[in-house]
1. Take the Cα of ASN45, step 7 Å along the line toward its Cβ, and report every residue of the stretch 148-187 whose backbone nitrogen sits under 16 Å from that point.
2. Taking the radius of gyration and the Kirkwood hydrodynamic radius from Cα positions alone, what is the Rg/Rh ratio for the chain, to two decimal places?
3. Given springs between every Cα pair under 10 Å in a Gaussian network model of the chain, which of GLN149, GLN77, GLN89 has the largest fluctuation?
4. How much mean residue ellipticity at 222 nm does the chain get from its helices, if each DSSP H run of length 4 or more adds -39500 (n - 2.57) and you divide by all residues, to the nearest 500 deg cm²/dmol?
5. Whole angstrom only: what separates the Cα centroid of the stretch 130-196 from the Cα centroid of the stretch 23-49?
6. Starting from the Cα-Cα distance between ASN210 and ARG74, subtract it from 0.36 nm times their residue separation and give me the gain in nm to one decimal.
7. With a cut-off of 11 Å, note down the residues of the stretch 1-31 whose backbone N falls inside the zone around a label point 7 Å from the Cα of MET217 toward its beta carbon.
8. R0 = 41 Å: FRET efficiency of LYS105 with CYS17, Cβ-based, nearest 0.05?
Amino acid sequence: SYSAKIGPSILNSDLACLASECTRMLECGADYLHLDVMDGHFVPNITFGHPVVECLRKHLGQAPFFDMHMMVSRPEQWVKPMAAAGATQYTFHLEATSNAGALIKDIRESSMKVGLAIKPGTTVEELAPWASQIDMALVMTVEPGFGGQKFMEDMMPKVSWLRTQFPSLDIEVDGGVGPDSIHKCAEAGANMIVSGSAIMSSDDPRSVINFLRNACME
Ligand code: DX5
Ligand code: ZN
């Protein structure tokens, strides 16, 4: 039994009303916001970048934790702009950089927390050398790019392995996570839970958030 944090992904919300959608999630008990940045190159979809994050920070105030999921080809390029815009954590993809060490250092020097993400095809052994230097590992449970995809249960051994090797590391799951898949994530030891369409499509997001949180405490 352990406690997990729930971070709604607003990718599938009404993006023209982003600030109010984020406020709605925070009022429904979200512990943090998972903000999906896509550049149309690393993934076949485009969302938003640091100018939007800067506006969101102004609307929402200093308190909310912004976990920036950077699905971009050149993550080095956006560290300083994202820090200036008010990002709390900068989660980049291992596949997108040839110098993870320098990037981690750069993110820290910009006073953000460090998240390191791996796509389904990347092994957890490739992430392991960086585990002691990061705040959070993100194990993708879909191919990044779109909300509403099916949860890949075969990613759970990555989560369990990381949980065993690095007991105090924050481990996030992202993609297809909802009431039907949360128990697998909890069993494997994930403690930062991203959920997009399962929360956004619900008439009662508060109860979905509570369900996800409670499932990790069982
Ligand atoms: C996918 C994004 C996810 C996605 C989650 O590329 O990184 O954060 O929005 O949405 P669901 O929960 O619908 O898979
Ligand atoms: Zn994401």
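1. Residues passing the 16 Å test: 148-152, 174-178.
2. Looking at the chain, the ratio lands at 0.93.
3. Top of the fluctuation ranking is GLN77.
4. On the way: 9 runs with 76 residues, N = 218.
Rounded to the nearest 500, the figure is -9500 deg cm²/dmol.
5. Centre-to-centre (Cα) distance: 17 Å.
6. My answer for the length gained is 45.4 nm.
7. In the stretch 1-31, the label zone of MET217 (backbone N under 11 Å from the point 7 Å along Cα→Cβ) covers 2-4.
8. After rounding to 0.05, the efficiency reads 0.65.
Only the coordinates and a few stated rules stand behind these numbers; no lab work does. As the structure is a computational prediction, the values presented were derived from the model and not from experiment. Quick reminder, even Gly has a Cβ in these numbers, built from the backbone with ideal geometry, and neighbours come from all protein chains shown.
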